[in-house]
Amino acid sequence: QVQLVESGGGLVQPGGSLRLSCAASGNIFSIYVMNWYRQAPGKQRELVAGITSTDRTNYADSVKGRITISRDSAKNTVYLQMNSLKPEDTAVYYCNLIQRNWEYWGQGTQVTVSS
């Protein structure tokens, strides 16, 4: 079993920055993909960024150049550094882990971008 715990969300003004963290615990395999998704009110959940256990990354076009995903393998933690935040980045951000045929989700952390 795997547990994912997100942290770092909050209220930030437009143009500001936040760093989200996702700490994974339990039975983590050596090969996996960890993703950040987000879901705004009334919208579908969408992929923001992903990183593999070999540090390959991918980003949604809407966040390229503003958001960076990284990981600390020793801590089994994935980070999402978000800069130049916009009101449209407001959403609940979820951490996701995929390994073998299993998929796990965190409980989500709220990010609100507003003046």
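Our summary gives the chain a relative contact order of 37 percent, counting only alpha carbon pairs under 8 angstrom and 6 or more residues apart. Would you mind computing the Rg to Rh ratio of segment 54-104 from its alpha-carbon coordinates, Kirkwood style for Rh? Dividing the radius of gyration by the Kirkwood radius yields 0.99. A 1.4 Å probe over all protein chains sorts Arg19, Arg56, Arg66 by accessible area into Arg56, Arg19, Arg66, starting with the largest.
Using a probe of 1.4 angstrom and keeping all protein chains present, the accessible surface of the chain works out to 55 square angstrom per residue.
Taking every protein chain into account, the 1.4 Å probe leaves Asp61 with about 130 Å² of accessible area, to the nearest ten. Rolling a 1.4 Å probe over the protein heavy atoms of the chain, with every protein chain left in place, gives an accessible area that is 47 percent carbon and sulfur. For the residues Gln44, Gln13, Gln99, a GNM of the chain with alpha-carbon springs under 10 Å puts the largest fluctuation on Gln44. Lys and Arg at +1, Asp and Glu at -1: add these up for the other residues within a Cβ distance under 15 Å of Ser17 and post the number. Residues near Ser17 contribute +2 overall.
Here the Gaussian network model covers the chain, with springs between Cα atoms less than 10 Å apart; of Ala49, Ala60, Ala23, Ala60 fluctuates the most.
Highest GNM mean-square fluctuation among Gly50, Gly42, Gly26, for the chain modelled with Cα contacts below 10 Å: Gly42. Here's the list of lysines a cross-link from Lys64 could span, going by alpha-carbon distance under 24 Å and ignoring same-chain residues fewer than 8 apart: Lys43, Lys86.
The values are calculated or read from the model by the stated rules, or taken from the named source; none is laboratory data. Given the structure is predicted, the values throughout are model-derived calculations rather than measurements. FYI the Cβ positions are ideal-geometry reconstructions off the backbone, even for glycines, and counts take in every protein chain you see. Remember, those area values only see protein heavy atoms, side chains included, never the ligands or the DNA or RNA. Shrake-Rupley method; radii C 1.70, N 1.55, O 1.52, S 1.80 Å.
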